[in-house]
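One structure is given below, encoded as structure tokens.
Each reported figure results from applying straightforward, stated rules to the coordinates on display, with no laboratory input. Only a predicted model underlies this, so the values are computations on that prediction, with no experimental measurement involved. Cβ atoms come from the backbone with ideal geometry, glycine included; neighbour counts cover every protein chain shown.
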């Protein structure tokens, strides 16, 4: 087993909600509430859950784009939770992000070649303009684009091609860790497969480590080594991909798995429909946060303090009854 590259311990991210003219803090939005997990080198952790559960907040906090309220984030055993601006710039060379919206994350007034040139200059500030352009063209070829695309603008590309540009920009600084934030959710299914294969190839070639954030479990199954299931700011289940798909324990994970479309319609499985909406992170339910929608809830579920516990080797769940 490879050593952990990223380790998160008891991470909390609370957003203050203000009221009145004096802007006093009325309450806190608990986006991430005591989350702990590790990501091993050269592996992919799939972080899944419904919209608003805190997945993206976790990813952005790792990159220091959002400050942590409490807890610790370690990169190669170094605490990067509250680093200074100069250290954050240095960290950006080792940790990158691929955003969900490939068009919104690219400067529409810049040629894509210049966008990637900027990233290369961060990693290799002493290269000449010609050397930088040559390196950019090599990266474009690596992600499935062409040297002739150097002088084009983002609006001249399709969604899948723009995502390839985002990937090219991310790998241009030769990072060790990449946060993929819903990187294929806005793409057609056929294009998704191409991008996922590209990410896997780059991981093998460059020894990359990924945090792959998504809500589609079928996509996560294809690319992930491990899976963490998140609900309302908490990790509900964690384990290897095979374990999660073969014998999920938490009712929330089981319900998510039941929603995956089956390629063979003759093999019918019972779909578990969760009742109600996800509660507000401002006013979380007492006890287990999932108990208001859980089809297996018990009377004591509104009083228990949830805690991840290892049921089998490497398989953790926050449900004490399953």
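If packing is taken as the average number of other Cβ atoms within 10 Å across a peptide's residues, how do 221-234, 197-210 rank, most packed first? Walk me through the numbers before you get to the answer.
On the way: 221-234: 23.1, 197-210: 16.4.
Put in order of decreasing packing, that is 221-234, 197-210.
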Rounded to the nearest 500, the 222 nm mean residue ellipticity computed for the chain from DSSP H runs (n ≥ 4, each -39500 (n - 2.57)) alone is -9000 deg cm²/dmol
Rounded to whole angstroms and listed largest first, the alpha-carbon spread of region 67-120 along its three principal axes comes to 39, 22, 18
Helix 189-206 sits off the longest principal axis of the Cα atoms of the chain, rounded to the nearest 10 on a 0 to 90 degree scale, by 70
Binned at 5 Å starting from 0, the alpha-carbon pair-distance distribution of region 32-149 in whole percents comes out as 2, 8, 15, 18, 17, 15, 13, 7, 3, 0
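Output the peptides 286-299, 71-84, 35-48 sorted from most to least packed, where packing is the average of other Cβ atoms within 10 Å over each peptide's residues. Numbers along the way, then the final one.
Working: 286-299: 17.7, 71-84: 14.8, 35-48: 20.9.
Answer by packing, highest mean first, reads 35-48, 286-299, 71-84.
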Ratio for region 119-224, C-alpha Rg to 2.2 N^0.38 Å, reads 1.10
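May I ask you to derive the relative contact order of the chain, considering only C-alpha pairs under 8 Å and at least 6 residues apart, and to give it as an integer percent? Working shown, then result.
On the way: 588 pairs, mean separation 63.8, N = 322.
Relative contact order here is 20 percent.
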One finds the C-alpha centres of region 304-322 and region 207-251 to be spaced, in Å, by 15
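Can you give the % of DSSP beta bridges in the chain that are antiparallel, to the nearest 5?
Numbers: 31 of 49 bridges.
Around 65 percent of the beta bridges assigned by DSSP in the chain are antiparallel ones.
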Here P(r) for region 231-322, Cα-Cα distances in 5 Å bins, as whole percents, is 2, 13, 22, 23, 19, 12, 6, 2, 0
Relative contact order of region 225-322 (C-alpha contacts under 8 Å, at least 6 apart) in percent is 31
Protection proxy (average C-beta count within 10 Å per residue), highest first, orders 50-59, 108-117, 151-160 as 50-59, 108-117, 151-160
The distance between the Cα centres of region 1-76 and region 89-116, in whole Å, is 22
For region 165-322, the Debye formula with one identical point scatterer on each Cα and no solvent gives log10 I(q)/I(0) at q = 0.09, 0.15 Å⁻¹ as -0.36, -0.93
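So how many Å³ per residue does the convex hull of the Cα atoms of region 1-80 work out to? Walk me through the numbers on the way to the answer.
On the way: hull volume 8.0 nm³, N = 80.
It comes to 100 Å³ per residue, whole-number rounded.
Share of Cα-Cα pairs in the chain beyond 26 Å, in percent?
Details: 26375 of 51681 pairs.
Above the 26 Å cut-off, the chain has 51 percent of its Cα pairs.
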